[in-house]
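Enquirer: The structure that follows is given in the form of structure tokens.
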Amino acid sequence: MGGVSAQPGTPTGPPTIPPPGPRPPAPGPSGPRLPEPAREALRKSAREARKQLRPVRKHLIVLGIVIAVALVFAGLRLLGVGVGGIPVLSRESCTVTSEGETYDLSSDQAERASAIAAQAVRRGLPARAASVVLAVELADHSLERDPAKAAALYDRLSGVADYRQQSVPGVAQQISDGSRDSYRDAEPEARALASALTGNTPEAFSCVVKGGADEVSDQLSGAGLTSRAEALRDDVRQAYGRLPDGGFQPGGVTTGHMAGSAHYEGRAVDYFFRPINARNNIKGWSLAQYFVANADRLDIETVIYDDRIWTKWRSAAGWRDYEVPPRGGDQAILEHRDHVHVDVAD
């Protein structure tokens with residue numbers, strides 16, 4: 001018969017599985033096991049280390065929050081955004097405030113607006129005239145054209161009878177080709193600019209000015225002024241005509257001013273508005289705010305008038321109280337009630 005026969009002693013059924021026994025111990029770390037007291041000491045040391053790290057972690061968290069808040073505030077200041085409803089001037093720009101409203105201008109627009117208002121002052125016209133012309137320039141040209149062209153508007157205005165009694169939009173339409181509605185929209189800002197820059201609203205106009213001035217020669221002119229100070233005098237004559245000025249002399253001045261004064265370096269000019277009265281105060285504030293509007297172009301560092309001060313290095317703060325240096329003399333003069341002081345970069 002064919003086939004394979006089972007060998008003696010060979011199992012013929014399924015293989016048997018030995019019963020489960022105790023599992024061998026898992027391999028442990030090499031080396032002898034630490035005694036329990038030593039292990040407890042290590043655990044205690046780790047707990048102490050974690051306790052010591054907790055204050056450090058808290059301080060790091062607080063520091064991170066402080067840095068984050070500081071970065072947020074820095075970003076807001078960079079954007080010119082205030083906190084709690086208070087505007088913060090930080091960009092190179094200008095503002096004029098009137099009746100609780102603030103209007104923003106670029107430095108170029110501020111220069112043009114101040115030149116237009118100065119024309120009204122030089123012609124002996126009221127702030128109303130400047131309001132009309134500025135309304136036209138704002139509505140028709142966004143204060144972007146040569147301010148010398150505003151002279152033609154003042155000429156036309158002189159031919160409008162009783163313009164002081166008429167509305168600003170109505171008069172503006174008579175001297176230009178724009179719409180009454182556009183002039184009506186521009187009127188509030190035009191009035192604010194005219195009132196500030198003709199001097200009728202003191203310290204209502206301010207600018208933030210950044211950046212350094214270019215290097216120029218510090219050699220004094222025949223009048224005893226630096227080239228920048230001479231350029232400023234020329235600019236004032238062009239804008240306002242000849243105004244009484246002083247604080248300089250051929251060869252320079254060495255006395256009569258506080259220690260460290262820019263007058264001793266030929267960088268300062270004083271413009272006098274005497275006697276001290278309401279009419280001259282308005283004229284002085286027109287010039288003082290003209291200087292602020294043109295501080296970037298003329299490299300102006302400081303303007304002082306009527307016990308108030310504006311400085312380039314703190315221009316974001318606007319006009320501030322002037323602290324009179326401790327020295328003898330007429331208090332009104334020391335407070336600059338009778339003259340506008342202006343100095344330029346060295």
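The values are calculated or read from the model by the stated rules, or taken from the named source; none is laboratory data. For clarity, every value in this text was computed on a predicted model and none was experimentally measured. Ideal geometry is used to build each Cβ from the backbone, glycine not excepted, and the neighbour counts take in all protein chains shown.
Enquirer: State whether the residues of segment 287-299 include one that is in contact with a Lys or Arg (Cβ under 7 Å, 6 or more places away or on another chain) and either crowded, with 22+ Cβ neighbours inside 10 Å or of a type in the set (S, T, N, Q) (or both).
Expert: Yes, there is a match, as at least one residue in segment 287-299 is in contact with a Lys or Arg (Cβ under 7 Å, 6 or more places away or on another chain) and either crowded, with 22+ Cβ neighbours inside 10 Å or of a type in the set (S, T, N, Q) (or both).
Enquirer: Filter segment 145-167 down to residues that are surrounded by 13 or more Cβ atoms within 10 Å (Cβ to Cβ) and more than 21 Å from ALA113 (Cα to Cα), then give me how many there are.
Expert: The total comes to 2.
Conditions (1) part of a helix (DSSP H, G or I); (2) at pLDDT 95 or above, marked per residue:
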position	(1), (2)
HIS59	yes, no
ILE65	yes, no
LEU71	yes, no
ALA74	yes, no
VAL81	no, no
GLU92	no, no
THR97	no, yes
ALA110	yes, yes
ALA115	yes, yes
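Enquirer: Still on this structure, I have one more. Can you spot a residue in segment 141-152 that is modelled with pLDDT under 95 and at positive phi?
Expert: No, segment 141-152 contains no residue that is modelled with pLDDT under 95 and at positive phi.
Okay, residues lined up against (1) without any contact (Cβ under 8 Å) to a residue 12 or more places away in the chain; (2) aromatic (Phe, Trp, Tyr); (3) crowded, with 19+ Cβ neighbours inside 10 Å; (4) touching a helix residue (DSSP H, G or I) at 6+ places or on another chain (Cβ under 6 Å):
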position	(1), (2), (3), (4)
VAL133	no, no, yes, yes
PRO169	no, no, yes, yes
ALA190	no, no, yes, yes
THR201	no, no, yes, yes
ALA213	no, no, no, no
VAL216	no, no, no, yes
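Enquirer: May I ask you to verify whether LEU220 is free of Cβ contacts under 8 Å to residues at least 60 places away in the same chain, surrounded by 18 or more Cβ atoms within 10 Å (Cβ to Cβ) and not β-branched (Val, Ile, Thr)?
Expert: So LEU220 passes the test.
Enquirer: Mind listing whichever residues of segment 304-346 are at pLDDT 95 or above, surrounded by fewer than 16 Cβ atoms within 10 Å (Cβ to Cβ) and among the basic types (Lys, Arg)?
Expert: ARG314, ARG320
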